[in-house]
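Just so it is clear, none of the values below were taken in a lab; they were calculated from the coordinates. In this text, all values refer to a predicted model and were calculated from it rather than measured experimentally. Note: ideal-geometry Cβ built from the backbone for every residue, glycine included; neighbour counts use all protein chains shown.
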Amino acid sequence: MDKSKVLIVEDNKVTVELYNKFLFDEVFEKQTVTNGKEALKTYESWKPDIIILDIMIPEMSGYMVLKEIRLNFGDKKTAIIMSTSISRKESVMDCVNLGIQGYIVKPFKANEIPGKILESYGLVEPEKADAAKELYLKLAENSDVRKKEN
């Protein structure tokens, strides 16, 4: 199985550590950036399958990055999941209107993140997402990570 390429756009080190811990390397190939401008550069050069995008990031908001990818690049295929502590309905709807596949409200339960990400990815790539989910579940069964979190 080809690994799903995940671009993590997050400026909080603790949150990045949680993503790295629960998004197993056997399933996900990951790159992390901490601001909007780096997100767009990495998006263009690396072409991720999935973007986990914090809204409140330096240099260019996640919302602006989302808008750039969807409107200026015309990309509707990349699964974009917004990750933020902002839970106002208007913010969520603005992102939905630009074509996101998911929305994670912080704080979140870290062990639920892979499932949410793969569920969102399944909206654009159902077969790849199902294969990734199957592998993830096998690995999680044998992992201390999952046992400690439950």
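Which residues' amide hydrogens lie under 5 Å from the amide hydrogen of residue 80, considering only partners 5 or more residues apart or on another chain, with H built in the peptide plane?
Amide H neighbours of residue 80: 51, 101, 102.
Treating the beta-carbon of each Lys and Arg as +1 and of each Asp and Glu as -1, no other charges, what is the dipole magnitude of the chain about its Cα centre, to the nearest 20 debye?
Taking the Cα centre of the chain as origin, the dipole is about 240 debye.
By how many nm would the segment from residue 108 to residue 127 grow when fully extended, if each residue of separation counts as 0.36 nm and the alpha-carbon distance is taken off?
Residue separation times 0.36 nm, minus the Cα-Cα distance, leaves 4.2 nm.
What is the chain by shape, rounded, prolate or oblate, if you read a ≥ b ≥ c off the alpha carbon gyration tensor as root eigenvalues and call it rounded for a/c under 1.5, prolate for a/b larger than b/c, and oblate otherwise?
Judged from the Cα gyration tensor, the chain comes out prolate (a/c at least 1.5, a/b above b/c).
Pull out a ≥ b ≥ c, the square roots of the eigenvalues of the alpha-carbon gyration tensor of segment 1-54, then state rounded if a/c is under 1.5, prolate if not and a/b is larger than b/c, and oblate in the remaining case.
Because a/c hits 1.5 or more and a/b fails to exceed b/c, segment 1-54 counts as oblate.
Residues of segment 104-146 with backbone nitrogen within less than 20 Å of a virtual label 7 Å along the Cα-to-Cβ line of residue 56, please, listed as ranges.
Correct set: 104-110.
How high is the relative contact order of segment 4-149, given as a whole-number percent (alpha carbon pairs under 8 Å, six or more residues apart)?
About 23 percent, as a whole number.
From the square roots a ≥ b ≥ c of the eigenvalues of the alpha-carbon gyration tensor of segment 62-150, which class results: rounded (a/c under 1.5), prolate (a/b over b/c), or oblate?
oblate
List the residues whose amide H sits under 5 Å from the amide H of residue 12, counting only those 5 or more places along or on another chain, with H placed 1.01 Å from N in the peptide plane.
Here nothing satisfies the definition.
Sort 65-76, 30-41 by packing, meaning the average of other beta carbons within 10 Å per residue, with the highest value first.
The most tightly packed comes first, giving 30-41, 65-76.
Return the FRET efficiency for the residue pair residue 14, residue 76: r is the Cβ-Cβ distance, R0 is 35 Å, and the value is rounded to the nearest 0.05.
Computed FRET efficiency for residue 14 and residue 76: 0.65.
Any idea how far apart residue 94 and residue 44 come out in nm if each label point goes 7 Å out from Cα toward Cβ?
2.4
Once amide H atoms are built 1.01 Å from N in the peptide plane, which residues 5 or more positions from residue 29, or in another chain, come under 5 Å H to H?
Sorted by chain and number, the residues that satisfy this are 4, 5, 6.
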